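Q: Here it is, the structure, as structure tokens.
The values are calculated or read from the model by the stated rules, or taken from the named source; none is laboratory data. Source: prediction; values computed, not measured. Don't worry about glycine lacking a Cβ; one is built from the backbone with ideal geometry, like all the others, and counts go over all protein chains shown.
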Amino acid sequence: MTALSIQGAALRSGLTEPTLRYYEEVGLIGPIARDPTSGHRRYCDQDIDTLQVLACLRAMGVGIEDMRTYQANRALGHTRSGDQRDLLLRHGERIETEIETLQVHLDYLRAKAALWDARDRQDKQAESEANEQVRAIIPRLQEVVWR
């Protein structure tokens, strides 16, 4: 069984030490065991597993309340499988929308870069084609901005 310090737990989970303290404070993890002599936190393997799950959820943009729900459902096991699925799929749909938005922004940036490249090379034909690409992307850009 591993007994990591807060520094070690931060390194293993990818979360910062203040985040680990905050997650314990708000009840997402813990309570974390303390070294009886120093009072310092000691994270066991199960704590690290939980922190890695939370780090993943955080990286996906899942908020504290949904993390709480996820953790509560996780503790209940199979009886809340459907709720876990729904929570994760809801965030999956949000991420898909973000990816679509980013793809349109990327297409726009590349088209504008091609336009400026053509201008830099003084290639009128390429500039005209790049202008057409930019014009074709603008409706998609407006659509994702106004969602």
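Rundown of residues vs (1) more than 27 Å from the chain's Cα centre (by Cα); (2) small (Gly, Ala, Ser); (3) modelled with pLDDT of 95 or more, yes/no style:
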position: Leu106; (1), (2), (3): no, no, yes
position: Ala111; (1), (2), (3): yes, yes, yes
position: Trp116; (1), (2), (3): yes, no, yes
position: Asp123; (1), (2), (3): yes, no, yes
position: Pro139; (1), (2), (3): yes, no, no
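Q: In addition: Determine whether segment 86-99 contains at least one residue that is loosely packed, with under 13 Cβ neighbours inside 10 Å and closer than 15 Å to Leu28 by Cβ.
A: No: zero hits.
Q: What pairs come up if the first residue lies in segment 130-141 and is closer than 18 Å to Glu100 by Cα, the second is among the hydroxyl-bearing types (Ser, Thr, Tyr), and their beta carbons are under 7 Å apart, counting only those six or more places apart or on different chains?
A: Short answer, once both residue conditions are applied: Ile137/Tyr108; Leu141/Tyr108.
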